[in-house]
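Values quoted throughout were computed directly from the atomic coordinates according to the rules given, and no laboratory measurement underlies them. These numbers were taken from a predicted model, which means no experiment stands behind them. Virtual Cβ from ideal backbone geometry, glycine too; neighbours counted across all protein chains shown.
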Amino acid sequence: MTEHRVDPTKLTDLIKRILQHAGCEAEEAGIVSDHLVEASMRGHDSHGIVRIMRYVQWLGTGQINANRQIRIISDLGSIIHLDGQSGMGQRLALDALTLGIKRADEHGLAMIAMRRAGHIGRLGAYAELACRAGFVTIQFANVGGSRIVAPFGSSEASCSTAPIAVGVPNPDGDDFILDFATSIVAEGKALVAARGGKRIPDDAIIRGNGKRSGDPRELYGDTIESPAPNPRAGNGALRTMGGHKGSGLALACELLAGAMTGNGANGPGDAVFGNGHIIIIVDPKQLDDQQGFGASVSEYIAHVQASRPEIGVDQVMVPGDPERLRLADAQRNGLIVPGAVLDGITALADEMQIEFGDLTRMSTP
């Protein structure tokens with residue numbers, strides 16, 4: 001497997017120009033490109049740069065649309081219902097979070113329910129932003145029109161990858177950032193594996209015949225060699241993580257972020273593509289009558305990190321630690337990119353006649 005160390009700054013600039021060529025205004029292209037590259041730098045390749053080929057395809061077909069803004073459906077002060085109008089998801093989710101933080105600052109608690117957002121990317125990014133502002137956040141998402149995951153005991157897809165995120169600010173250290181898809185792997189990880197990246201587990205996919213597999217071709221079928229493979233073209237489906245418990249979380253995401261937002265859960269029939277997104281934002285100061293929240297968070301995280309590791313583990317980590325380590329490495333040494341992914345991005349740039357230099361040469365700080 002060929003890999004390259006790429007300059008994140010140069011790659012971000014190139015992806016931004018690709019998005020601008022595809023119709024996004026500069027600010028929107030910057031938000032999306034920053035999100036994609038940072039997702040890859042933090043180790044979440046499934047929501048990173050590999051997505052750019054699919055975004056360009058979607059922009060070309062109208063599946064997502066450039067330069068759309070959130071539309072307020074209803075505003076009850078601490079509860080706001082939004083329509084993303086099938087725009088670029090990272091921009092919409094950032095605007096929704098910003099609005100939610102403002103309302104939580106006013107009311108102590110806010111809930112944002114958004115439907116019809118384009119792919120919003122890594123939920124953890126929004127949890128990190130909320131924590132930096134001092135707020136706790138709980139998030140649920142579904143992907144309407146993306147019926148690619150089979151619940152526990154089933155060999156038939158009837159839900160999306162349905163991610164969940166929780167962020168708890170740590171005033172004296174690194175924040176607690178829990179972010180995971182409720183499938184064994186996110187669909188993007190199967191896409192990365194199909195492009196020569198890290199293999200997915202041998203039981204991550206369920207075939208149509210009920211047997212388990214780790215071959216991405218079971219998911220993408222004959223489209224696997226195309227620039228933007230279709231995860232519904234094969235006979236297989238991703239499996240939910242954690243047995244019946246993980247499956248229950250996946251179905252909860254479909255009901256909360258899908259049914260409750262109006263985005264739609266992934267039942268029978270083909271829904272319009274789009275993310276449903278629930279963001280619950282809490283100001284912990286409103287509950288901290290003893291002025292001990294920050295110290296309690298810091299002490300507990302430090303206690304867990306200092307606990308005795310099991311055999312084969314160097315250090316006990318809490319959610320958010322692995323991402324911070326990967327980010328620091330990518331900042332120092334460059335982002336590791338599978339050769340097929342880099343080739344796909346540069347081929348896209350060549351097709352658009354966008355000039356770029358040597359992406360593997362790190363800039364001098």
Three-way shape label, the stretch 212-365, alpha-carbon gyration tensor, a/c 1.5: oblate
Under-29-angstrom lysine pairs by C-alpha in the chain, whenever the two are 8 or more apart or on separate chains: 12
Positive-end residue, the stretch 125-195 charge dipole about Cα centroid, Cβ charges, pick of 158, 185, 139: 158
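Given charges of +1 on the Cβ of Lys and Arg and -1 on the Cβ of Asp and Glu, with all other atoms neutral, how large is the dipole of the stretch 12-146 about its Cα centre, in debye to the nearest 20? It would help to have the intermediate numbers written out before the result.
Numbers: 14 positive and 13 negative charges, 62 e Å.
Roughly 300 debye for the stretch 12-146.
I need the trypsin sites (Lys or Arg not before Pro) found in the stretch 98-147, filtered to DSSP loop residues with at most 12 other beta carbons within 10 Å of theirs.
On the way: sites: 102, 103, 115, 116, 122, 132, 147; in loops: 122, 147.
Nothing satisfies the criteria.
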Percent breakdown of C-alpha pair distances by 10 Å bin, ordered from the shortest bin, for the stretch 19-76: 22, 45, 25, 8
Student exercise, the stretch 174-232 dipole from Lys, Arg, Asp, Glu Cβ charges, in Debye to nearest 20: 320
Simple spin-label estimate for residue 106 and residue 156 in nanometres, 7 Å along Cα-Cβ: 4.7
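Using the Cα centre of the chain as the reference point, and only Cβ charges (+1 on K/R, -1 on D/E), how large is the resulting charge dipole? Debye, rounded to the nearest 20.
Numbers: 34 positive and 43 negative charges, 152 e Å.
In total the dipole reaches around 720 debye.
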Bridge type composition, the chain - antiparallel percent by DSSP, nearest 5: 80
Most positive-pole-ward Cα, 98, 59, 44, against dipole of the stretch 1-119 from beta carbon charges: 59
Given 11 as the ceiling on other Cβ atoms within 10 Å, longest exposed-site-free region of the chain for GluC sites (Glu not before Pro) in DSSP loops: 1-155
Dipole of the chain [Lys/Arg +1, Asp/Glu -1 at C-beta], most positive-end residue of 327, 342, 110: 342
